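This report refers to the structure that appears directly beneath it.
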Amino acid sequence: MIDVTETQKTTTDTTATAAAPSARGLLPLPLATARALLLAGGIATSASAYMAWTWTDEFPGDLTVNGYPGGLQWLTFVAGILTALFTLSSYGVRGLGWLLPAKNNAPVVLAALGGFATTWFAVIAITVELGGVVNLEPGGWIAAVASLIPVLGALALPEPLGDDLKDNLKKYVAKPDRFPAPKAIAPWVERAIITIVTIIGLAVFTYGIDTEYGELFVGYLILVTFSLWALHTAGMLDTFSRIVAHNRSFTLAMGFAAAIAFPFTQTDDHYANIGVNILIFGTVALGLNIVVGLAGLLDLGYVAFLGVGAYTAALVSGSEFSRFSGVQFPFWASALTGAAASLVFGVLIGAPTLRLRGDYLAIVTLGFGEIFRIAVNNMDGDSGPDITNGPNGIPSIPDLSFFGFNLGESHDIAGFTLGRFANYYLLMVLIMAIVVLVYTRAADSRIGRSWIAIREDETAATAMGINGFRVKLIAFALGAALAGLAGTVSAHVTYSVVPTPYQFAGSTPPNSAFLLAAVVLGGMGTVAGPLLGAALLYLLPEKLNFLQDKSLLAFGIALVLLMRFRPEGIIANRRQQLEFHETGQLDVPEQATLTDEPAVTKAGA
Amino acid sequence: MRFGGLTAVRSVDFTVNSGEIVGLIGPNGAGKTTFFNCLTGLYVPTEGTVSYKGTVLPPKPHLVTKAGIARTFQNIRLFANMTVLENVLVGRHTRTKEGLWSALLRGPGFKKAEKASEERAMELLEFVGLAHKRDHLARNLPYGEQRKLEIARALASDPGLLLLDEPTAGMNPQETRATEELVFAIRDQGIAVLLIEHDMRFVFNLSDRVAVLVQGEKLVEGTAEVVQADERVVAAYLGEPFEGAPGEEEAAEVAEAEAAKAETGPAKTSVTKTEDEAPADAPAEEESTTSTKGEAQ
């Protein structure tokens, strides 16, 4: 940064004529041309979505129709519109000023890049899958060129450039340090905004879950990533989180309303199945977030607690293959039993291991997690007591029924058909609500503060009078109980419980590695983070069948990249945001910060 | 207290009365911080006990704090990513009771307790002068304020005895003076203070009594004059005086020069004769005794 300004100074000194030598584009075009390119390119990109891109419907999504977008073309269409909107706002069109409060280039650039990436991904996917560029109709070529135009226009936008190309490119996508002071928004407008954003969020999320083939899902991820990035650099996400901070309970209520609304938007119970699995996975991840995110205990065997809950529920479910086949608990009782069994198991594992710190704890929990799976595998009456049927597990777990409402059957409610998985989905929303409540209340209390203190500095925390072992054990046991609670539902959803899913690492969630990744990826110490992380990590292997056995590799690379560019996770809590980036308004440091690393990461993000 | 073959602290025995400020000095490596760690239970003494108000304390840090001994650290150990207020609230831990259940149920008792904790924490922040920074992250505070916050956090546990480990390390003269006043204010609340310090001017200004620790053993204990006059203390810091010719005149010159220097900056040795004594006449109502005994190897 300093180098750049110095060189600028010298150039101004020597030339001393150019009014603003610093503000120029990478491509030497006038500003008017650049904007015209952006606007025209954006509209052309959207228009190209209406053409046929290929001749055969062998490529999924049927991109052969002239006059109507389909599949991936929809994504291109949206990206083009977004680019055009941001460009119009940069022109200063009345009514669109709110899109670009800081009048910076980054959102326009990122929207253009999003359109380019989505479209070119589609075109390349067509070429590769159908075997050659001959399979592109003229529409495909037009789309490729049209989506390139805004990128050229974007690179011609004026920025204070230096000599280093890498730095220059970074400036195009950097979020400005300062935004104009936000205007006061009336409370009802704030609520309206939250409602609209919730509806858009639900629509976007539903679209993602409903994508029918991997290509569409990849395109969707590209577009969503670039769009969110653009909104982030435009300052919209900050504005929204400020609005949310004013209306916490309203947002929470809207969130749950959206979660409840989801199965009503679905016609196929398959997607409700994905939904319920995401919820189970997300709930367990939220439980793990107490242990890892708040108390800072690295637990690599957490999925065992989900297993304990599931097996407990299966044993008392009344399944004829259960060891206690005569026993059938009502759901509330089996849920409590499952949670309690997990809690006991958590205390049993925690009591000896929580005296260890750091790496030692991680290794020991990893060991205990595997011990659970192996023990369950062996308790089949041959090599151990006959409790779990060994590798065969406990099949044919009966469906739950509340007051005559059988969750296993389809029901028609107000014109919507709710299938079996939709029923379980709604039950799981309830469980998740409980877990969210437990998490938020526990985190914001004396006990929550002592967890964070332990995470920050265990020695200092004990010197402040915190009984480290006791407090950590409470975190461990609470996390275990919540996982067990989720496990009781998962046993009924999947009809049967077997030992295999409860392992450390596998290609499909839930397993301990994926759970931990969901927490870290989504954002430690937040509520929404692990839920989002869980949704992503469940959908990726589910949708990207073409990755197959390489999904773990791809997943590993994605994690490494994320840790490089956004170490605090997708959704950062305030603490971590400041820890890694130092940009909070409340906490602008009064003197040089203690570490210089955050500046580097900031530039990267 | 022994680490393997090394005896770090050996037979250090002394008593701190309530409302008293006691300084603990000694050359580097004398075992001052080790002694603190023994007192607060961070180290389990190899032999000997720590007693407070007549009861023997178990060597567990949280129980020691609960009994009423709070401490700060030589290298600041705040909860860096918690806010200033949260840091002090953590200090309230031993004086509050609500556990997980009350946090989940959020009854009226919970809200009352949280409110009381927050009020007390704000009082303490007011006391050390950090109230306006309650929502800042601890890591973003300047160095001097981090030290103050650590003291506020320690005070939050309502201690009877406060252990300060080098409270003015790295501070400029103004900040040191401010800390001095803060320590007096703490003493005036009836809290006994035991402090480790290398700034001799600071120590002798503040302390009612000073103890000197050399190589893990208490060399001498007493008022500022007694300690300053003790030859063994001078020897511990400066070494034995020369036997031969280039002796006393030069030593006198050095002492003079340092006395002059002491007016502007902190002096580093105990030979400097500082001006006045610490005003010490606080009533000793309750007596807090701390001692560790270790057997000589």
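How much mean residue ellipticity at 222 nm does chain A get from its helices, if each DSSP H run of length 4 or more adds -39500 (n - 2.57) and you divide by all residues, to the nearest 500 deg cm²/dmol?
-20500 deg cm²/dmol
Taking the Cβ of A:GLU215 as the center, what net charge do the other residues with Cβ under 13 Å away carry, scoring Lys and Arg +1 and Asp and Glu -1?
-3
Taking every residue in B:138-148, how many Cβ atoms of other protein chains lie within 10 Å of its Cβ, on average?
3
Sticking to Cα atoms, compute the Rg of the stretch A:277-386 to one decimal and its Dmax as the biggest Cα-Cα distance, whole number, in Å.
Looking at the stretch A:277-386, its Cα Rg and Dmax stand at 15.2, 45 Å.
On a 19 Å Cα-Cα criterion, which of the cross-link pairs B:LYS112/B:LYS133; A:LYS103/A:LYS175; B:LYS60/B:LYS148 come out too long?
B:LYS112/B:LYS133; B:LYS60/B:LYS148, as the Cα separations exceed 19 Å there.
Taking R0 as 45 Å, what's the FRET efficiency between A:HIS270 and A:LYS103 from their Cβ-Cβ distance, rounded to 0.05? Don't jump to the answer; show the numbers that get you there.
Working: r = 46 Å, r/R0 = 1.02.
E between A:HIS270 and A:LYS103, to the nearest 0.05, is 0.50.
Please give the peptides A:528-535, B:128-135 ranked by average Cβ packing (other Cβ atoms within 10 Å per residue), highest first, as a rough proxy for protection.
So the peptides A:528-535, B:128-135, ranked by packing, come out A:528-535, B:128-135.
How large is the dipole of the protein assembly as shown about the Cα centre if only Lys and Arg carry +1 and Asp and Glu carry -1, each at its Cβ, rounded to the nearest 20 debye? Write out the running numbers ahead of the final one.
Details: 64 positive and 88 negative charges, 527 e Å.
My answer is approximately 2540 debye.
Please give the net charge around A:VAL65, taking every other residue with its beta carbon less than 14 angstrom from that of A:VAL65, where Lys and Arg add +1 and Asp and Glu add -1.
Net charge in that neighbourhood comes out at -3.
Which net charge results for the neighbourhood of A:TYR91, defined as the other residues with beta-carbon distances under 14 angstrom from its beta-carbon, given Lys and Arg at +1 and Asp and Glu at -1?
Every neighbour counted, the sum reads +3.
As an exercise, find the ratio Rg/Rh for the stretch A:480-541 from alpha-carbon atoms, using the Kirkwood inverse-distance average for Rh.
0.97
Taking each residue of B:78-91 in turn, how many C-beta atoms of other protein chains fall within 10 Å of its C-beta, and what is the average? Can you show the working numbers first?
Numbers: counts 4, 10, 6, 10, 7, 4, 0, 0, 6, 5, 1, 4, 12, 5.
That average works out to 5.
Could you run the Karplus curve 6.51 cos²θ - 1.76 cosθ + 1.60 with θ = phi - 60° over the stretch A:45-57 and give me ³J(HN,Hα) per residue in whole Hz, x for Gly and Pro?
Working through the residues one at a time gives 4, 4, 5, 5, 5, 7, 9, 7, 9, 8, 8, 10, 8 Hz.
Relative to the compact globular guide of 2.2 N^0.38 Å, what is the alpha carbon radius of gyration of the stretch B:91-161, as a ratio?
1.23
Output the relative contact order of chain A, whole-number percent, from Cα pairs under 8 angstrom with separation of 6+ residues.
The normalised contact order for chain A reaches 15 percent.
Between A:ARG242 and A:LEU31, how high is the FRET efficiency from 1/(1 + (r/R0)^6) when r is the Cβ-Cβ distance and R₀ = 30 Å? Nearest 0.05. Can you show the working numbers first?
On the way: r = 32 Å, r/R0 = 1.05.
Efficiency for this residue pair is about 0.40.
What are the equivalent ellipsoid semi-axes of the stretch A:238-286, built from the alpha-carbon gyration tensor (square roots of five times its eigenvalues), in whole angstrom, biggest first?
With the √(5λ) rule applied to the stretch A:238-286, the semi-axes are 26, 14, 9 Å.
Ignore the peptide's own chain and count Cβ atoms of other chains within 10 Å of each Cβ in A:444-452; give me the average, rounded.
6
Could you compute how fast the stretch A:202-308 diffuses translationally, taking Rh as the Kirkwood radius over C-alpha pairs and applying Stokes-Einstein at 4 °C with viscosity 1.567 mPa s? Give it in µm² per second. Can you show the working numbers first?
Details: Rh = 16.6 Å.
Diffusion coefficient, whole number: 78 µm²/s.
Determine the percent antiparallel among the DSSP beta bridges restricted to the protein assembly as shown, to the nearest 5.
On the way: 27 of 43 bridges.
Taking every DSSP beta bridge within the protein assembly as shown, about 65 percent pair in antiparallel fashion.
So what are the radius of gyration and Dmax for the Cα set of the stretch A:382-532, in Å?
19.4, 62
Pop the C-beta distance of B:GLU181 and A:ILE434 into the FRET formula with R0 = 45 Å and round what comes out to the nearest 0.05. Intermediate values should be presented prior to the final figure.
Details: r = 52 Å, r/R0 = 1.15.
My answer for the efficiency is 0.30.
Write down, largest first, the equivalent ellipsoid semi-axes of the protein assembly as shown in whole Å, where each equals the square root of 5 times an eigenvalue of the alpha-carbon gyration tensor.
Sorted largest first and rounded, they come to 59, 40, 23 Å.
In debye to the nearest 20, how big a dipole does the stretch B:73-157 give about its Cα centre with +1 on each Lys and Arg Cβ and -1 on each Asp and Glu Cβ? Intermediate results must be reported in sequence, preceding the final value.
Numbers: 15 positive and 10 negative charges, 35 e Å.
Dipole about the Cα centre, nearest 20: 160 debye.
Given Cβ point charges of +1 (Lys, Arg) and -1 (Asp, Glu) and nothing else, what value in debye, to the nearest 20, does the dipole of the stretch A:116-268 about its Cα centre take?
760
Per q in 0.23 1/Å, what log10 I(q)/I(0) does a Debye calculation on the alpha-carbon atoms of the stretch B:8-48 return?
-0.89
With a 1.4 Å probe, what is the total accessible area buried between chains B and A, in Å² rounded to the nearest 100?
3600
Quick one: plug the Kirkwood hydrodynamic radius of the stretch A:327-452 (C-alpha pairs) into Stokes-Einstein at 25 °C, 0.890 mPa s, and report D in µm²/s.
133
For the stretch A:246-285, what is the accessible area per residue in Å² when the probe is 1.4 Å?
40
Can I get the semi-axes of the stretch A:52-161's equivalent ellipsoid? Compute them from the C-alpha gyration tensor as square roots of 5 times the eigenvalues, in angstrom, largest first.
Ellipsoid half-lengths, sorted descending, are 31, 14, 9 Å.
The values are calculated or read from the model by the stated rules, or taken from the named source; none is laboratory data. Just so it is clear, the model here is predicted, and its values are computed rather than measured. So basically every Cβ, Gly included, is an ideal-geometry build from the backbone, and we count neighbours across all protein chains shown. Note: accessible area is taken over every heavy atom of the protein model, side chains too, but ligands, DNA and RNA are not part of it. Shrake-Rupley method; radii C 1.70, N 1.55, O 1.52, S 1.80 Å.
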